[in-house]
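Structure record follows, encoded as structure tokens.
The values are calculated or read from the model by the stated rules, or taken from the named source; none is laboratory data. Note that the structure is a prediction, hence the values are computed from the model and not measured. All Cβ positions, even for glycine, are placed from backbone atoms using ideal geometry, and neighbour counts span all protein chains on display.
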Amino acid sequence: MSLSRRALLTVVAGGFLAGCESAPDPTARTVPPPTVARPTDGPARTPSPVPSSPGAVPRVTRAEMVAQYGRTKATTWGFTAPGVVTELPSAARPAIALTFDACGGPGGGGYDEALIDLLRARKVPATLFLNARWIDANRAHFEQLAGDPLFEIANHGTRHRPLSVSGRAAYGIGGTRDAGEVFDEVAGNRDKLTALLGHPPRFFRSGTAYCDDVAARIVADLGERFAGFSVNADAGATFTPAQVHRSTLTATAGSIVIGHMNHPAGGTARGMARALPEMLAAGHRFVRLSDAVH
């Protein structure tokens, strides 16, 4: 990751991925930056492979996840736990992956029709991370998006919670408190999407995109890839159009860009409307995550 991109990620990550819901309290304690270490409790374990067949869901129960991870202590916290995909593999470059979250809940149930219309008009594919509450509030929009091959539908959790085995919070949003709640957050919406789509989603992103290393292992054991990001395009839909434009243009070959599609009054659509034509003219190619990450 280049210095400029790393600096941008640090600035915007410090504030507003929680924009999916209510604005965070500016006086709240800042969540410490991620650290990397091995778990200190419980055996090291290689994550289960993602099912090769779209219809294959690992037969892992809640009780099994609790038995496996209930006493394992997390040693990382942030956006980059082991196994989290933050950039496309080298074989997929020079493509860029656009991803947009729809978080649901109070203040987060909107639908940015202008953004979706822009992607369709420019024939730009994207991966859409949809929360269970957003789906329930926008069933007609969901059906249209799910039926459009330009878009891939992914899992943004059941209640839009940071993924933790110890209740850690991010931006004032309480995280899952144990391995059982991690299972509920991932599998609840996975099962909803599987019933609606006819196949399970391949990718998961937690509320706020925060997770610890143990929770990330549970996601893998449930057959999904945890998708992070390398470019934050709209800071939880709080950026102005000019800021979205500038931030999106920092994406380079292999970037995974995160934005939001549930705040139509925000600057995301207008900023993207300026950035995408420039990027297409420069020869950038866009893909869904499943087109590049296997």
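Overview of results
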| item | result |
| --- | --- |
| Residue in region 21-31 that is under 29 Å from Gly172 (Cα atoms), touching a Cys at 6+ places or on another chain (Cβ under 7 Å) and modelled with pLDDT under 95 present | yes |
| So Thr176, is it crowded, with 24+ Cβ neighbours inside 10 Å, free of Cβ contacts under 8 Å to residues at least 40 places away in the same chain and assigned to a loop (DSSP other than H, G, I, E, B) | yes |
| Unmet requirement for Gly223, which otherwise passes all of (1) closer than 19 Å to Thr75 by Cα; (2) surrounded by 22 or more Cβ atoms within 10 Å (Cβ to Cβ) | (1) |
| Residues of region 191-207 classified as crowded, with 22+ Cβ neighbours inside 10 Å, part of a loop (DSSP other than H, G, I, E, B) and not basic (Lys, Arg), total | 3 |
| Residue in region 210-219 that is modelled with pLDDT of 95 or more, under 20 Å from Asn232 (Cβ atoms) and outside any strand (DSSP E or B) present | yes |
| Complete set of residues in region 151-173 that are part of a loop (DSSP other than H, G, I, E, B) and touching a Cys at 6+ places or on another chain (Cβ under 8 Å) | His156, His160, Pro162, Ser164 |
| Of residues in region 56-103 being of a type in the set (D, E, K, R) and assigned to a strand (DSSP E or B), the one farthest from His284 (Cα to Cα) | Asp101 |
| Some residue of region 156-176 being under 24 Å from Val287 (Cβ atoms) and out of contact with any Leu (no Cβ under 7 Å at 6 or more places or on another chain) | yes |
